[in-house]
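S.K.: Supplied in structure tokens, the structure appears directly below.
The values are calculated or read from the model by the stated rules, or taken from the named source; none is laboratory data. Values in this document were obtained by computation on a predicted structure and should not be read as measured data. Cβ atoms come from the backbone with ideal geometry, glycine included; neighbour counts cover every protein chain shown.
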Amino acid sequence: MPARRHVVPPRADRGHLKLTEEELREWGEELGRSSIPPLVVTLTGELGVGKTTLARAICRGYGVEEEVTSPTYALIHEYRAPRSAVFHIDLYRLDSPDQLTNLGWDEVVSSRSLVLIEWPERAADRLPDDHLPIDLDYLPSDPTRRILLAG
């Protein structure tokens, strides 16, 4: 199956964005509005960098009306939106990629849904090849902004 070209909102300066939290939310909502399922989005970055903030914004733009909370302890939350289900997965507490089977991983990532995955590196080689990677990092010179790499 050929890889899909993902729609990534513009505004990138030389391949990355330097965003305030408000701009990060706006960008995420725009990504949510332009997303077409099936789509797996991975969110990578250190603790507290804004992965869940971005996931909430993507969900809001996609049409999720209920409150989106961090799935850190539950590992996976499912939400309803007009276009499809949305799965928000947090793999931070995962000890091994073998545990993904117990989450119904294969069914979720192959569903016709929007799937948002925090800490995707813990899934190792079980991520779909055509996922949309988003990496967040702190901007060392300005603690109010984040660097966002997408695509």
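S.K.: Return yes or no: is A57 closer than 21 Å to E29 by Cα, among the aliphatic types (A, V, I, L, M) and out of contact with any strand residue (DSSP E or B) (no Cβ under 8 Å at 6 or more places or on another chain)?
M.R.: It is true that A57 is closer than 21 Å to E29 by Cα, among the aliphatic types (A, V, I, L, M) and out of contact with any strand residue (DSSP E or B) (no Cβ under 8 Å at 6 or more places or on another chain).
S.K.: Only residues that are among the β-branched types (V, I, T) and within 19 Å of Y138 (Cβ to Cβ): list them for the stretch 18-59, please.
M.R.: Once the filter is applied, which keeps residues that are among the β-branched types (V, I, T) and within 19 Å of Y138 (Cβ to Cβ), the stretch 18-59 yields T20, T42, T44, V49, T52, T53.
S.K.: Quick check on the stretch 115-151: of everything there that is in contact (Cβ under 8 Å) with a residue 40 or more places away in the chain and either polar (S, T, N, Q) or part of a helix (DSSP H, G or I) (or both), which residue is farthest from W27 (Cα to Cα)? Spell out how you get there, then give the answer.
M.R.: The first filter runs over the stretch 115-151 and keeps only residues in contact (Cβ under 8 Å) with a residue 40 or more places away in the chain, leaving 115-121, 127-139, 142, 144-151.
Then drop every residue that is not either polar (S, T, N, Q) or part of a helix (DSSP H, G or I) (or both), which leaves 120-121, 144.
On the way: P120: 21, E121: 23, T144: 16 Å.
Among those that are in contact (Cβ under 8 Å) with a residue 40 or more places away in the chain and either polar (S, T, N, Q) or part of a helix (DSSP H, G or I) (or both), it is E121.
S.K.: Which condition from (1) without any contact (Cβ under 8 Å) to a residue 12 or more places away in the chain; (2) under 16 Å from the mean Cα position of the chain (by Cα); (3) farther than 18 Å from K18 by Cα is the one that G48 breaks?
M.R.: Among (1) without any contact (Cβ under 8 Å) to a residue 12 or more places away in the chain; (2) under 16 Å from the mean Cα position of the chain (by Cα); (3) farther than 18 Å from K18 by Cα, the lone unmet condition for G48 is (3).
S.K.: Which count do you get for residues in the stretch 78-96 that are in contact (Cβ under 8 Å) with a residue 40 or more places away in the chain and under 12 Å from the mean Cα position of the chain (by Cα)?
M.R.: Residues meeting the conditions: 0.
S.K.: State all residues of the stretch 25-66 that are under 16 Å from L91 (Cα atoms), charged (D, E, K, R) and surrounded by fewer than 22 Cβ atoms within 10 Å (Cβ to Cβ); if no residue qualifies, say none.
M.R.: Once the filter is applied, which keeps residues that are under 16 Å from L91 (Cα atoms), charged (D, E, K, R) and surrounded by fewer than 22 Cβ atoms within 10 Å (Cβ to Cβ), the stretch 25-66 yields only E46.
S.K.: Oh, and also: Of V68, V86, V49, which residue is closer than 19 Å to P133 by Cα and outside any strand (DSSP E or B)?
M.R.: V49
S.K.: Hey, another quick one. Give the residues of the stretch 76-93 that are closer than 20 Å to L127 by Cα and surrounded by fewer than 18 Cβ atoms within 10 Å (Cβ to Cβ), sorted by residue number.
M.R.: Passing the criteria: I76, E78, A85, Y92, R93.
S.K.: Is it true that R60 is outside any loop (DSSP other than H, G, I, E, B), modelled with pLDDT of 95 or more, basic (K, R) and touching a helix residue (DSSP H, G or I) at 6+ places or on another chain (Cβ under 9 Å)?
M.R.: In short, yes.
S.K.: Kindly indicate whether any position in the stretch 95-104 is at positive phi, modelled with pLDDT of 95 or more and in a loop (DSSP other than H, G, I, E, B). Working first, answer last.
M.R.: Residues of the stretch 95-104 at positive phi: 104.
Cutting the leftovers down to modelled with pLDDT of 95 or more gives us none.
Looking through the stretch 95-104, none of the residues is at positive phi, modelled with pLDDT of 95 or more and in a loop (DSSP other than H, G, I, E, B).
S.K.: Can you go through L43, L17, L54 and tell me which one is part of a strand (DSSP E or B), on the phi < 0 side of the Ramachandran plot and at pLDDT 95 or above? Walk me through how you get there before you give the answer.
M.R.: On the way: L17 fails: at pLDDT 95 or above; L54 fails: part of a strand (DSSP E or B).
That would be L43, the only listed residue that is part of a strand (DSSP E or B), on the phi < 0 side of the Ramachandran plot and at pLDDT 95 or above.
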